[in-house]
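Visitor: Handing you a structure now.
The values are calculated or read from the model by the stated rules, or taken from the named source; none is laboratory data. All figures in this text were calculated on a predicted structure; none of them were measured in a lab. No Cβ is skipped: glycine too gets one built from the backbone with ideal geometry, and neighbour counts run over all protein chains shown.
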Amino acid sequence: MTPIRGAQRRASLWLRIVGGAIAVAGLSLPAIEAFALWDDKLTLLAEEKATHDDNVFRISKNVDPNDIGARSRSDTYRTTSFGFNLDAPVSRQRFQMGYTRNATRFNQLSPLDFDGHDARAIWLWQLGNDASGQLGYTETFALVSFANITSFKNSQSSRPDPLKTQLAFFNAAYLVTPRWRLNAGVSGLELTNGDPARQSLDLDVTYADVALSYVTPANTSVGLSARTEDGRYPKSFSGNDNAYHQSSAGVVADWTPNGVSHVSARADRVSRRYAEVPQQGLDFDGTIARAQYDWKPTGKFSLAAVAQRDIFPYQDIGSSFVLVKGVALRPALNVTEKIDMSGSFDYSIRDFLGDPGQASGVSPRRTDRVRTATLTVSYRPARSFTLLMSAQREARSSNFVPPAPAVLPVDYAVTVFSISARIAF
């Protein structure tokens with residue numbers, strides 16, 4: 001296929017997707033505006049989305065796609081989604097459910113075609129005036145980003161990895177007195193990789209946390225918190241399950257200094273211990289912290305600023321855990337009654353703190369720097385119909401050069417454009 005014919009085919013695909021979505025919306029809007037399901041407690045939704053990605057496999061500009069078994073670096077694909085959301089108050093209780101089925105089809109890279117889903121079921125419970133909380137379950141089934149696959153075990157691959165993420169949780173808040181609030185919760189997380197080569201990264205984690213806070217009449221709070229985390233990799237290739245125990249204790253604060261500002265922050269001292277591989281020096285002791293400032297000076301503009309230093313155990317990035325230090329800005333602007341704009345600007349430094357399934361002594365320790373900028377514009381000509389356009393630029397640099405035979409660099413840059421049409425009624 002010549003470059004001109006390829007461009008024509010991509011343009012034709014975009015026009016068919018957008019034109020079809022608008023045509024369907026135009027036919028449906030009169031009926032949608034007059035139709036409500038179960039007093040608006042139940043919402044049905046459908047979305048058609050077209051995306052162009054100029055670096056699907058997140059490979060370096062100096063890497064030929066053929067080196068990882070791919071026929072193309074870039075592609076245009078479409079995603080069709082159907083689902084529902086339920087939000088039903090019953091007396092003082094509230095029940096929320098949702099399910100979305102999505103099908104993604106690539107124009108050229110058909111081996112990446114995938115059917116996934118998102119599901120959730122949550123009970124927001126209330127007991128008297130002093131006790132409340134949530135009991136819920138969420139599940140997603142989606143492809144792991146190739147930015148993470150390419151960094152796994154210092155190798156690169158064009159083979160997709162379907163990841164199932166399951167989370168069950170229970171939490172409660174109780175006003176011991178009008179000024180003292182007790183929060184507690186437990187949750188369980190399971191990550192299951194579909195690619196046999198990555199099943200050693202399957203992860204089971206159990207969390208438990210408790211916090212006691214003093215709450216002022218202005219709803220400002222400050223308190224002490226404690227948290228435990230127990231994780232294991234049940235299919236580790238190293239011959240042990242690489243189980244770990246992590247505990248932390250610290251302070252939490254929530255403050256609204258005025259009507260347009262809000263600050264939330266926490267800081268913890270963390271200790272992580274591995275049960276079977278302490279000789280590799282992977283145990284960790286350190287301080288983590290996260291602070292967020294929300295500012296809304298007008299009814300049309302808001303800005304969220306986040307700074308964090310935290311560790312993450314999730315094996316998507318191919319390390320036992322990663323220390324992430326970063327900042328983010330997320331502005332949002334209501335341009336008109338029907339047009340909204342939002343942005344996200346993130347910068348993070350990711351220190352890979354070792355993999356208990358690999359030999360120790362690798363130097364220097366890998367550090368990545370990731371920069372991401374995203375702009376989204378939404379246009380809602382009617383209450384039930386929304387058009388969204390998005391552009392994203394992301395770049396990763398690293399001090400790490402993979403050893404042979406995986407000698408391909410892990411840096412990359414990517415630009416992604418998308419447009420979607422969504423109907424909800």
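Visitor: For residues that are at pLDDT 95 or above and either surrounded by 15 or more Cβ atoms within 10 Å (Cβ to Cβ) or of a type in the set (Ser, Thr, Tyr) (or both), scanning just segment 306-316, find the one that is nearest to residue 282 (Cα to Cα).
Guide: Checked segment 306-316; the qualifying residue nearest to residue 282 (Cα to Cα) is 309.
Visitor: Same structure, new question: Restricting the search to segment 179-191, which residues are touching a residue at least 24 places away in the same chain (Cβ under 8 Å), out of contact with any Phe, Trp or Tyr (no Cβ under 7 Å at 6 or more places or on another chain) and surrounded by fewer than 17 Cβ atoms within 10 Å (Cβ to Cβ)?
Guide: Once the filter is applied, which keeps residues that are touching a residue at least 24 places away in the same chain (Cβ under 8 Å), out of contact with any Phe, Trp or Tyr (no Cβ under 7 Å at 6 or more places or on another chain) and surrounded by fewer than 17 Cβ atoms within 10 Å (Cβ to Cβ), segment 179-191 yields 184, 190.
Visitor: Go through segment 106-129 and give me each residue that's closer than 23 Å to residue 76 by Cβ and among the hydrophobic types (A, V, I, L, M, F, W, C).
Guide: Those that are closer than 23 Å to residue 76 by Cβ and among the hydrophobic types (A, V, I, L, M, F, W, C): 106, 109, 112, 114.
Visitor: Taking segment 274-286 as the search range and keeping residues that are outside any strand (DSSP E or B) and touching a Lys or Arg at 6+ places or on another chain (Cβ under 9 Å), which one is modelled with the lowest pLDDT?
Guide: Checked segment 274-286; the qualifying residue modelled with the lowest pLDDT is 282.
Visitor: Restricting to segment 323-336, and then to whatever is over 27 Å from residue 272 (Cα atoms) and either at pLDDT below 95 or of a type in the set (Val, Ile, Thr) (or both), can you tell me which residue is surrounded by the most Cβ atoms within 10 Å (Cβ to Cβ)?
Guide: Top of the filtered list is 335.
Visitor: I need the full set of residues from segment 327-339 which are without any contact (Cβ under 8 Å) to a residue 40 or more places away in the chain and in a strand (DSSP E or B), in order please.
Guide: The answer is 327, 328, 329, 330, 331, 332, 333, 334.
Visitor: Still on this model: Pull up segment 43-89, narrow it to residues that are of a type in the set (D, E, K, R) and outside any loop (DSSP other than H, G, I, E, B), then point me to the one that is surrounded by the fewest Cβ atoms within 10 Å (Cβ to Cβ).
Guide: 67
Visitor: Looking only at segment 83-104, count how many residues are of a type in the set (Phe, Trp, Tyr) and either out of contact with any Pro (no Cβ under 9 Å at 6 or more places or on another chain) or free of Cβ contacts under 8 Å to residues at least 24 places away in the same chain (or both).
Guide: Residues that pass the stated criteria total 2.
Visitor: Being at pLDDT below 95, surrounded by 13 or more Cβ atoms within 10 Å (Cβ to Cβ) and in contact with a Ser or Thr (Cβ under 7 Å, 6 or more places away or on another chain) narrows it down to one residue among 319, 271; which is it?
Guide: Values: 319 fails: in contact with a Ser or Thr (Cβ under 7 Å, 6 or more places away or on another chain).
Every option except 271 fails the conditions.
Visitor: Select from segment 337-365 the residues that are touching a helix residue (DSSP H, G or I) at 6+ places or on another chain (Cβ under 9 Å) and either crowded, with 17+ Cβ neighbours inside 10 Å or modelled with pLDDT of 95 or more (or both) and list them in ascending order.
Guide: The answer is 350, 352, 354, 355, 356, 357.
Visitor: I need the full set of residues from segment 102-129 which are within 19 Å of residue 424 (Cα to Cα) and surrounded by 15 or more Cβ atoms within 10 Å (Cβ to Cβ), in order please. Break it down into steps so the answer makes sense when it comes.
Guide: Here is the first cut: in segment 102-129, the residues within 19 Å of residue 424 (Cα to Cα) are 102-103, 117-120.
Residues satisfying the conditions are 102, 117, 118, 119, 120.
Visitor: Please work out if residue 217 is over 17 Å from residue 165 (Cα atoms), outside any strand (DSSP E or B) and free of Cβ contacts under 8 Å to residues at least 60 places away in the same chain.
Guide: Taking the combined requirement at face value, the residue satisfies it.
Visitor: When residue 261 is evaluated against the numbered criteria (1) of a type in the set (S, T, N, Q); (2) touching a strand residue (DSSP E or B) at 6+ places or on another chain (Cβ under 9 Å); (3) surrounded by 15 or more Cβ atoms within 10 Å (Cβ to Cβ), which criterion, by number, is the only one it fails?
Guide: (3)
Visitor: Determine which member of the set 132, 157 is at pLDDT below 95, small (Gly, Ala, Ser) and either surrounded by 16 or more Cβ atoms within 10 Å (Cβ to Cβ) or more than 28 Å from residue 225 (Cβ to Cβ) (or both).
Guide: 157
Visitor: For segment 391-413, check the following and say yes or no: at least one residue is in a strand (DSSP E or B), at pLDDT 95 or above and either in contact with a Gly (Cβ under 9 Å, 6 or more places away or on another chain) or within 26 Å of residue 85 (Cα to Cα) (or both).
Guide: Scanning segment 391-413 turns up no residue that is in a strand (DSSP E or B), at pLDDT 95 or above and either in contact with a Gly (Cβ under 9 Å, 6 or more places away or on another chain) or within 26 Å of residue 85 (Cα to Cα) (or both).
Visitor: Those residues that are surrounded by 14 or more Cβ atoms within 10 Å (Cβ to Cβ) and of a type in the set (A, V, I, L, M), I need them from segment 217-234; list them, please.
Guide: 222, 226
Visitor: When you go through 207, 214 one by one, which is the residue that is modelled with pLDDT of 95 or more and surrounded by 15 or more Cβ atoms within 10 Å (Cβ to Cβ)? Walk me through it before giving the result.
Guide: Details: 214 fails: surrounded by 15 or more Cβ atoms within 10 Å (Cβ to Cβ).
207 is the lone residue from the list that is modelled with pLDDT of 95 or more and surrounded by 15 or more Cβ atoms within 10 Å (Cβ to Cβ).
Visitor: Moving to a separate point now. Could you tell me how many of the residues in segment 97-146 are farther than 29 Å from residue 178 by Cα, part of a strand (DSSP E or B) and of a type outside the set (Asp, Glu)?
Guide: Within segment 97-146, residues that are farther than 29 Å from residue 178 by Cα, part of a strand (DSSP E or B) and of a type outside the set (Asp, Glu) number 22.
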